[in-house]
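The values are calculated or read from the model by the stated rules, or taken from the named source; none is laboratory data. These numbers were taken from a predicted model, which means no experiment stands behind them. Glycine also receives a Cβ, built like all others from the backbone with ideal geometry; neighbour counts cover every protein chain displayed. The accessibility values were calculated without ligands, DNA or RNA, using every heavy atom of the protein model including side chains. Shrake-Rupley method; radii C 1.70, N 1.55, O 1.52, S 1.80 Å.
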Amino acid sequence: MENAHILLVEDDIAQNELIASMLSAEGFIVTATTSVEEAIVALKANSQISLIFSDWKLGQLSGLNLLEFARSNNFPVGIVIATAYGSIDHAALAIEKGADDYLAKPFQRQELLLALAKANKANQLRLANQTLNSQLSQQDTMVELIGSAPCMQKVFQRIEKVASTSATVLISGESGTGKELAARALHKISPRKDSPFIAINCGAIPESIAEAELFGAKKGAFTGANQDKLGKFAAANGGTLFLDEVAELSPQLQTKLLRFLQEGVITPLGCHEEVAVDVRVIAASHKQLLAQVEEGLFREDLYYRLNVVPIHMPALRERTEDIGKLIHHFKTKFCQQYGSQEQQLSATTLKQLLSYSWPGNVRQLSNCIERYALLGDENELVESLNHNSQAATQSEQFVIPDEGIDWHQFERAILLQACKRAENNKTAAAKLLGLSYKAFLYRLEKHQI
Ligand SMILES: Nc1ncnc2c1ncn2[C@@H]1O[C@H](COP(=O)(O)OP(=O)(O)OP(=O)(O)O)[C@@H](O)[C@H]1O
């Protein structure tokens, strides 16, 4: 307590001087004031003040007013109030309003020192609790990843545990559950944070250029390669490479990836020498990779190499307690982005949002709230949920015939139909199928449409 800075508030000048000199003699730094107003000014001006000793009766105001001001503005101070002899109701009120102790007048020097020591201890305990609480509440968010549900807390713990290592991580989870955001969070808290984070969607690159995109190519390695091409691995050197939809890699590229994971080397297209690169790989897939392995579509050895640390992102319907927080987060984010006024959602709408199943997970929720921030139309928001529910029911109603279907032909027919319906407007056609523009273009190219 030595050198603690104390704010003394006493309007009796003789008493004020006496207490001030006694406290100074005990090693306190004393700021002596004679009114509540003066005390508030001193408190605001001096962040070093950690204790207040105030008389109860101070002109028109009282020590209670100062106490209320200090507590409602969260000043980190211990407070002792001196009350008139026998006024136990004042003492009780002071404690109720947040004083750490009280002293009945007249008091002995030793009593005052004891009360101050008690208030000081209470204040330190309060500060320690506040720090702990803020650390705990920060855990509701990891970098930009929001989630306080126990299943998300487990994800955060795992990310934190593996961030300092270079271990390969495989993130699974449905589309829109935040796999890429989790990979970014992992990178940002890892020692690689100042080096690049490169993300590539293996399902969105046409097979013909995938190898050069990933591993790079020497000038002249293929028609149109007029200069050396830096692949994603080389671009991510020192940092992290996020391979989204890794199940989409061709068998040849799976082999090249395995080689990198085993030896830390890559061979750019058209190159005869291997190049060493220092890259941490984080892979993700919304498909069950093990099932892909069992079907012979994905290399088993590669699966085990990737799956050193598995992280599963839970679907939003499995963590409904996070929906409210996410709605609030996206509402604030998009209203700020579009400069629109943030409005309160009605209780009925909120209830619908909270009980909806969110098949498109956080991405769908984010899109809905973004549209709402732009249009400010609550009815439209509710209708879009109903529309999505209908679409889900429609797809559930589709029954595969006994003889099976030719998926390739089926996909091609659907793509053609969407293009026709959207009068060849690709953005509109992609929207009709609920696909991103990039994913739609990739499929058009695959079918050479
Ligand atoms: N926990 C979360 N907190 C805040 N935003 C989130 C969270 N999860 C996802 N998002 C947001 O939702 C959108 C989709 O997330 P992301 O792209 O990481 O999902 P994904 O699982 O990688 O999807 P896909 O499998 O389709 O590639 C992004 O805009 C992302 O910022």
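Highest-first packing order for the peptide set 417-430, 68-81 is 68-81, 417-430, based on the mean count of other beta carbon atoms within 10 Å. Around the amide H of His286, modelled in the peptide plane, lie the amide H atoms of Glu245, all under 5 Å away and 5 or more residues distant in sequence or on another chain. Along the axis of the charge dipole computed for the stretch 265-355 (Cβ charges of +1 for Lys and Arg, -1 for Asp and Glu, origin at the Cα centre), the listed residues Tyr304, Gln336, Gln292 are led at the positive end by Gln336. Derived scalar couplings between HN and Hα for the stretch 166-175 equal 10, 4, 6, 10, 10, 9, 10, x, 4, 4 Hz in order, rounded to whole Hz, by the Karplus curve 6.51 cos²θ - 1.76 cosθ + 1.60 (θ = phi - 60°), x for Gly and Pro.
Note on the chain: helix-only mean residue ellipticity at 222 nm, from DSSP H runs of 4+ residues weighted -39500 (n - 2.57) and normalised by residue number, equals -15500 deg cm²/dmol.
Could you give the DSSP H helices of the chain that reach 15 angstrom or more along their long axis (alpha carbon positions) and whose average Kyte-Doolittle hydropathy is no lower than 0.5? TM-like helix candidates: 13-25.
3J(HN,Hα) along the stretch 316-321: 4, 5, 8, 9, 4, 5 Hz, from the Karplus curve 6.51 cos²θ - 1.76 cosθ + 1.60 with θ = phi - 60°, whole Hz, x for Gly and Pro. For Met142, the solvent-accessible surface with a 1.4 Å probe is about 10 Å², rounded to the nearest 10.
Extending 7 Å from the Cα toward the beta-carbon at both Asn74 and Ile88 defines two label points whose distance is 3.7 nm.
Packing order of peptides 405-415, 113-123, highest average first: 113-123, 405-415 (average count of other Cβ atoms within 10 Å over each peptide's residues). A simple count of charges around Ser285, restricted to other residues whose Cβ falls under 10 Å of its Cβ and scoring Lys, Arg +1 and Asp, Glu -1, yields -1. Here the accessible area of the chain is 51 percent carbon and sulfur, with a 1.4 angstrom probe and all protein chains present.
When peptides 353-359, 368-374, 433-439 are sorted by average Cβ neighbour count within 10 Å, with the highest value leading, the order is 368-374, 353-359, 433-439. Springs between alpha-carbon pairs under 10 angstrom, Gaussian network model over the chain: which of Phe260, Phe107, Phe242 fluctuates most? In this elastic network of the chain, the residue with the biggest mean-square fluctuation among Phe260, Phe107, Phe242 is Phe107.
Distant-in-sequence amide contacts of His312, defined by a placed amide H-H separation under 5 Å and a gap of 5 or more residues or a different chain, comprise Ser172. Amide H contacts of Asp228 (H built 1.01 Å from N, in plane; Pro and chain starts excluded): Lys219 sit under 5 Å, all sequence-distant by 5 or more or on other chains. Using the 1.4 Å probe convention, the accessible area of the chain works out to 55 Å² per residue with neighbouring protein chains retained.
Given Cα pairs under 8 Å that are at least 6 residues apart, what percent is the relative contact order of the stretch 125-265? Rounded, it is 20 percent for the stretch 125-265. The magnitude of the dipole of the chain, with charges of +1 and -1 set on the Cβ of Lys/Arg and Asp/Glu and taken from the Cα centre, is near 940 debye. Listed values for the stretch 298-314 are Karplus-derived 3J(HN,Hα) couplings in whole Hz (6.51 cos²θ - 1.76 cosθ + 1.60, θ = phi - 60°), namely 9, 4, 5, 5, 5, 4, 5, 5, 6, 8, 4, 10, x, 10, 10, 8, x, and x replaces Gly and Pro. Rounded to the nearest 5, the antiparallel percentage of DSSP beta bridges internal to the chain is 15%. Potential lengthening of the chain between Gln124 and Leu297 amounts to 56.2 nm, from the contour at 0.36 nm per residue minus the alpha-carbon distance.
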